[in-house]
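Taken together, the values in this text are just the output of simple stated rules run on the coordinates, not laboratory data. Everything numeric in this text was worked out from a predicted model, so none of it was measured. Glycine gets a Cβ as well: all are built from the backbone with ideal geometry, and neighbour counts include every protein chain shown.
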Amino acid sequence: MKRVLISGYYGFHNTGDEAILTAICQLLEPFEIEVQVLTASADHQLMGCQFRAIQRTDLPAIIQALKTTDLFISGGGGLFQDVTGLGSIPYYGGLLWLAKRMGVPTCIFAQGLGPLRRPWSRLAVKQIFKGVSGIALRDRDSIELLQEMGIPAERIHQTADPVLAMRGMPRGRADEILLTEGLDPSRPILGVSIRPWKSWYEKQLKSFTAVLSQFARQKGAQVLFIPFQGDQDTWLCHEAAYSMNCRPSAPVIRVLSGNYSPLEIHSLIGRLDMMVGMRLHALIMAAANRVPAVGIVYDPKVRSFAEMVGFPFIGSVSALSYSDVFYDYLKQVWEHRDILADKLNQEMPLHEDRVYEAVRVALQLLGIAYENHQ
């Protein structure tokens, strides 16, 4: 049995990243591959996944695992960027260097690249990517950025985010969650995913919540805030919910409070009538479930995905202060959501098929014929 070691932002209770890991495990499952994962804690587990967790900073344990590993997988997500901190590139690049030094083939699996705002970041990423065995990036912007840095086009495979191919849970489980959270599954539900960001000021939050409250009230919709990373998003979701509840004739508003797996969140989003998404994977799960959405761009990756699937988007958090534009987008998507869902049904299979390009790259490095398992 072949064995892989996967590195990513796992074990930090970020629903998007944990969904990526869940999806990768599902994608590798048919090939009888033993999966090991570097995570924040050695006891980390996920619903629907079978893997052995290794503490991500336990160097002796990592070296021991690499001795019997057939492929080191870096991904997915946006690991190589210099926006959220300066430690990501050295950490994830260092792991790739270590695997290469130990003679283990390496694979960039369905990653998004950047932003890379510092010259040293670009130089470091270029050197790191030159040394990997296989590269599969999830969007055209990332591919173009890597080509600008001098990596030949023939070395780069275009894939898609693994979560687009993730299998969720039965509809009944989503209804159970909605009832537990105090919502009526028979009435329309507007999902909202927001996260803290430097350009959230009082003006933007007031405008955002005023529009949401008015819109939901007019459409008879319930509002469900979904924190994708609890320790970061929950307070802002509650702040927004409180602001909406202070308005006259407020709609039913809930902030998701339970501790749910990525599979459950994925299925829950499939029960929404519309999503307003700032977190990338809120939009990805919406698209995978054929749920129309409006994006809020805080990072180029959100814009890139929204453009790819045809979701309208607000270009920045600051732009939320232009309440008429936000309201028009909500109205446009809501009134045409059946047409938009049909369009997603027609176009999403192409994007979902691209997910398997990363799988093919990894299997080739493992010496496994993908075609024999179709």
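The range 64-200 gives an Rg/Rh value of 1.10, both radii derived from C-alpha positions and Rh following Kirkwood. Karplus-based coupling profile of the range 154-161, in residue order and whole Hz: 5, 8, 10, 9, 8, 10, 8, 4, with θ = phi - 60° in 6.51 cos²θ - 1.76 cosθ + 1.60 and x standing for Gly or Pro. Modelled label positions at residue 126 and residue 342, each set 7 Å beyond Cα in the direction of Cβ, lie 5.0 nm from each other.
Taking amide H atoms as placed 1.01 Å from N in the peptide plane, the amide H of residue 77 lies under 5 Å from those of 112, each 5 or more residues away in sequence or on another chain. Remark: spin-label model distance residue 199-residue 319 equals 0.8 nm, labels positioned 7 Å along the Cα→Cβ axis. Since only 146, 39, 327 are under comparison, the one whose Cα sits farthest along the positive direction of the charge dipole of the chain, derived from C-beta charges on Lys, Arg, Asp and Glu, is 146.
Taking neighbour Cβ counts within 10 Å as the exposure measure, how do 5, 28 sort from fewest upward? Before the final figure, lay out the partial values.
Numbers: 5 26, 28 23.
Going from sparsest to densest Cβ surroundings: 28, 5.
Cys residues of the chain that find no other Cys beta carbon under 4.7 Å: 107, 237, 246. When the C-alpha to C-alpha distance is required to be over 18 Å, the pairs from 2/126; 100/126; 100/130; 301/331; 67/130 that qualify are 2/126; 301/331; 67/130. Please work out the C-alpha center-to-center distance from the range 1-31 to the range 237-287 and express it in whole Å. Cα centroid of the range 1-31 versus Cα centroid of the range 237-287: 24 Å apart. Using the Karplus relation 6.51 cos²θ - 1.76 cosθ + 1.60 with θ = phi - 60°, the per-residue 3J(HN,Hα) values for the range 188-196 come to x, 10, 9, x, 9, 10, 10, 9, x Hz, with x marking Gly and Pro.
Expressed in nm to one decimal, what extension gain is obtained for the pair residue 45 and residue 173 from 0.36 nm per residue of sequence separation less their Cα-Cα distance?
Between residue 45 and residue 173, full extension yields 44.1 nm more.
If a/c stays under 1.5 just call it rounded; otherwise compare a/b with b/c (prolate if a/b is bigger, oblate if not). Do that for the range 1-57, with a ≥ b ≥ c from the square roots of the Cα gyration tensor eigenvalues.
Working: a/c = 2.03, a/b = 1.33, b/c = 1.52.
Oblate, because a/c is 1.5 or more while a/b does not exceed b/c.
Overall form of the range 150-191: prolate. Here a/c, set by the Cα gyration tensor axes a ≥ b ≥ c, is 1.5 or more, and a/b is the larger of a/b and b/c.
Based on other C-beta atoms within 10 Å, arrange 49, 107 from fewest to most.
Numbers: 49 20, 107 27.
Lowest to highest Cβ neighbour count: 49, 107.
What you get for the range 218-374, charging only the Cβ of Lys and Arg (+1) and of Asp and Glu (-1), is a dipole of about 260 debye around the Cα centre. You can think of it this way: the chain between residue 98 and residue 210 has 35.2 nm of extra reach, that is 0.36 nm per residue less the Cα-Cα gap.
Is the shape of the range 199-249 rounded, prolate or oblate, going by the alpha carbon gyration tensor and its root eigenvalues a ≥ b ≥ c, with a/c under 1.5 for rounded and a/b larger than b/c for prolate? The shape class here is oblate.
Only Lys, Arg, Asp and Glu carry charge here, each on its Cβ (+1 for the first two, -1 for the last two); on that basis the range 160-255 has a dipole of about 320 debye about its Cα centre.
Hey, can you list the DSSP H helices of the chain whose Cα span along the axis is 15 Å or longer and whose average Kyte-Doolittle score is at least 0.5?
Values: long enough: 15-28 (20 Å, 1.01); 88-101 (20 Å, 0.19); 119-130 (17 Å, -0.17); 202-219 (25 Å, -0.64); 230-245 (22 Å, -0.81); 323-335 (18 Å, -0.55); 337-366 (43 Å, -0.26).
Qualifying helices, which must be both long enough and hydrophobic enough, are 15-28.
What number comes out for the charge environment of residue 129, summing +1 per Lys or Arg and -1 per Asp or Glu over other residues with Cβ under 11 Å away? Net local charge, residue 129 excluded: +4.
Grab the Cα-Cα distance for residue 353 and residue 186, subtract it from 0.36 nm times how many residues apart they are, and report the gain in nm with one decimal. Let's see the in-between values first.
Working: separation 167, 0.36 × 167 = 60.12 nm, distance 3.28 nm.
Residue separation times 0.36 nm, minus the Cα-Cα distance, leaves 56.8 nm.
Around the amide H of residue 54, modelled in the peptide plane, lie the amide H atoms of 37, 38, 39, all under 5 Å away and 5 or more residues distant in sequence or on another chain. Counting Lys and Arg as +1 and Asp and Glu as -1 over every other residue whose Cβ lies under 13 Å from the Cβ of residue 219, the net charge comes to +2. In the calculated pair-distance distribution of the chain, the portion above 33 angstrom amounts to 29 percent of the Cα-Cα pairs.
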